[in-house]
Structures are given as C-alpha cells and as structure tokens.
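First the structure, in the form of structure tokens, and then the observations on it.
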Amino acid sequence: MASVITAADDGFFDDDASPGVVTDWLLWQADLARPRASAPPADDPSWTRKAQLDYHSEFATLKTPFMEQAARELRVTLLVNNRQRSTARRGLIVSGPPGAGKSTTLAELGRSFDLSERRRLAGYQGAFMPVAFAAIPPTYTPKSLVQVLARFAGIPVHDRMTETTITNAVCHVLCERRTRLVFMDDVHLLNTRTRPGADTSDQLKTLAERIPATFVLAGVDVENSPLLTGPRGAQLAARCKLLRTPPLLNGTAQQKEIWRRLLGDMEAVLRLPRHRPGTLVRHADHIHLLTGGVLASLSLLIREAAIRSILDGSFAITKRLLSQVVLDIQATNTARARRRRGPGDQP
C-alpha cells in the first residue's frame, strides 16, 4: 500500500506565509522593510528544502520594458504636477488584459517612490505617508471608496460616520502626511452609466482635486470600459495619460530578443542546483506558446516548474517538466488556439 503524505507532514502549512495583498499602511511598511538581498548560490549548503520552496514561491520581480516605461512616465508626471496650482493635475491610467502585470507595476512604482521619499525626507520629524493604495470595492459607493482609503491610512471608521466625514478625514490625513502618489486598482469595475458608478467616479474626482497627489489608476482594458464614457469619462480622459501593457510578443527579431532576455533574467535567479543554464532561453518559443506572453502565466509556469523539481528531487527545469504544469484557463485556451493556427502564426 502506498504511503500517504499529508500537507502537514510535508510542511505545507506555513506560519510564515505571506500576508497577501497590502491593504493598510502597516502592511505596506512591513513589505518595504523586507530586504531584497540576493539569494546564495544554488549549491550553497545553507539551502534547506523549505527555504528552496519558499524562495521559488516568492521568486523575484523582474523589470519589463513596460515597467521601465511606466517609471519614466510617472517621474515626468510627478514633475509636471509638482508646482501645479490648479486642481486639474495630470494622472496616469495603466491598462491591459488580465495577468499583464498591472498590479505588480503599481506595487513596484510605489515601492521605488516611497523609498526615494524616505531618503529625501530623512530629516523630517513629522509622520509622512508618501503613497496610498486602494482598490475599487466590488459593491462600490462613494462612501465605500473612501472607507478603503481610510483603512489604508489607519483612520478609524464606524458605520455611523457619514460619507462627508470620512472623506474629510481621508483628505486631511493624506495632506498632512504629505502623500504624493495615490494608486487606484480595478477601476474598470466603475460603470459610470449607473448611479452608484457615476457617484463613485465623482468621488474619485473630488479626491484627486482635494489631495495634492498624482493619481495612478489601473484596470483591465480601461480604454474600453464604461469608466471613460460620457461627460465624466471625457473629463477623466482629458486629465490622464493611458499606458497600455500588452502581453509580450515573440514575432519580430526585437520581440524575440526582449522575450529571451526576460527568460534569461528569470533563469539567473533560479536556485536549482542541477538546472542547466540556458534551458529556458532554448525553449523560449515553447514557453511563449504555453503562456501567450502573459506575465502572470509566465511567472506561474516558472515558479511551479521549479517547485515541482524540488518536490521530485530533480532540481532542474526541463521542457518535459514545463509541459506538466497546468496553467490558468486563459493561457490554456490561448495556447490551444495558437496550436490550431500553426506555430508560425501570430495573433
């Protein structure tokens, strides 16, 4: 009879697991405080099985060409807004398909800016909060939107508080703590054709006018969403620059170079003692077929393949192992459609 290994027996329940999405300032502070030191070499004896699993679960955030473009555009936009006296400050909208790295881009932009502000304000004695994060709630209202921002800022909120009271408190605290960047995720959920959506859009505009910060919005295919329709959408479109983050392609020579460079960077941070360098780059076309160039699918593929190799003791990613990973439905359907079109066709 085969032995059965339970999750507890194999250390699958981990008390040190990541807390997940950053929803308040304290979690954001803790995330910033975590060092991003380079991991020891794969053959270092200090690696334990648990350390290898944890490392490849978290893995590394790699800079893509889009992330570098977004950082440049944000820097210029911050400089444009720096001394603007009117309320119509410029903003950015990060848009793209699901899994294209929008939320990761926001987190990396926020991290870079926050750390630079800490250095710049090293001698400042008061409390400061350079960045704030919020996501549009699924059942959004103007009140629920400011409640999310209040939760991030650590402002106590109870059900009897009015929308105006919470809004005033949020604007006061963010101004007092010198917040210069406000990130809003999932803005594609806002349907300005409905009354709650229109009112919440107006609340977003009010916050952008009262808080002297640059607002960066992100969502799925925002340019085709109801957010930018009608008079409210036209006003938002007139103030924001759209940055589109598409999947990485693998057709032209330049696209192939970018794709292979990314795979090479990912391979460089693997910590698998028996992995053969150059394997991911050698199978670049196959990996693109599996993932469609979507960053979330690519990250899942490489991380899960690495973890599978640790669990089976091979400690190496191979083409066969990559093909064993069951990816998300979007990637699976895309790969199936591309196989029907033929390997030489591009979508």
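The values are calculated or read from the model by the stated rules, or taken from the named source; none is laboratory data. Computed from a predicted model, the values in this text were never measured in an experiment. Virtual Cβ from ideal backbone geometry, glycine too; neighbours counted across all protein chains shown. Surface accessibility is based on the protein's heavy atoms, side chains included, excluding ligands, DNA and RNA. Shrake-Rupley method; radii C 1.70, N 1.55, O 1.52, S 1.80 Å.
In the condition set (1) open to solvent by less than 50 Å² (accessible area, probe 1.4 Å); (2) basic (Lys, Arg); (3) under 14 Å from Leu62 (Cβ atoms), Arg303 is compliant with all but (1).
May I ask you to verify whether Ser46 is within 28 Å of Lys256 (Cα to Cα) and open to solvent by 70 Å² or more (accessible area, probe 1.4 Å)? When the stated conditions are applied, Ser46 does not pass them. Just one residue in the set Ser57, Ser95 is within 25 Å of Ser299 (Cα to Cα) and assigned to a helix (DSSP H, G or I); that residue is Ser57. When residues in segment 98-136 are screened for being part of a loop (DSSP other than H, G, I, E, B), at pLDDT below 90 and surrounded by fewer than 23 Cβ atoms within 10 Å (Cβ to Cβ), 10 of them pass. Tell me whether segment 172-189 contains one or more residues that are closer than 16 Å to Ala134 by Cα, open to solvent by less than 30 Å² (accessible area, probe 1.4 Å), over 25 Å from the mean Cα position of the chain (by Cα) and of a type in the set (A, V, I, L, M). Checked against the condition, which is being closer than 16 Å to Ala134 by Cα, open to solvent by less than 30 Å² (accessible area, probe 1.4 Å), over 25 Å from the mean Cα position of the chain (by Cα) and of a type in the set (A, V, I, L, M), segment 172-189 yields at least one hit. Pairs linking a residue in segment 54-69 that is within 18 Å of Gly99 (Cβ to Cβ) and open to solvent by less than 60 Å² (accessible area, probe 1.4 Å) to a residue that is at pLDDT 85 or above and not β-branched (Val, Ile, Thr), with Cβ atoms under 6 Å and 6 or more positions apart or on different chains, are Phe59/Arg303; Leu62/Asp265.
Annotation note: of Leu181, Leu174, the sole residue that is modelled with pLDDT of 95 or more and out of contact with any Gly (no Cβ under 7 Å at 6 or more places or on another chain) is Leu174. Note on segment 153-272: enclosed helices (runs of 4 or more DSSP H) holding 3 or more residues that are closer than 30 Å to Asn82 by Cβ are 163-176, 195-210, 230-239.
Return the pairs, sorted by first residue and then second, in which the second residue is open to solvent by 30 Å² or more (accessible area, probe 1.4 Å) and in a helix (DSSP H, G or I), the first residue lies in segment 170-189 and is among the hydrophobic types (A, V, I, L, M, F, W, C), the beta carbons are less than 6 Å apart, and the residues are 6+ apart or on different chains. Close Cβ pairs (under 6 Å, with a partner that is open to solvent by 30 Å² or more (accessible area, probe 1.4 Å) and in a helix (DSSP H, G or I)) amount to Cys171/Arg210.
Looking only at residues of segment 279-300 that are part of a loop (DSSP other than H, G, I, E, B) and closer than 19 Å to Phe59 by Cα, we find that the one that is farthest from the chain's Cα centre (by Cα) is Gly293. Only one entry of Pro231, Pro246, Pro277 meets the criterion of being closer than 27 Å to Trp47 by Cα, open to solvent by 40 Å² or more (accessible area, probe 1.4 Å) and not aromatic (Phe, Trp, Tyr), and that entry is Pro277.
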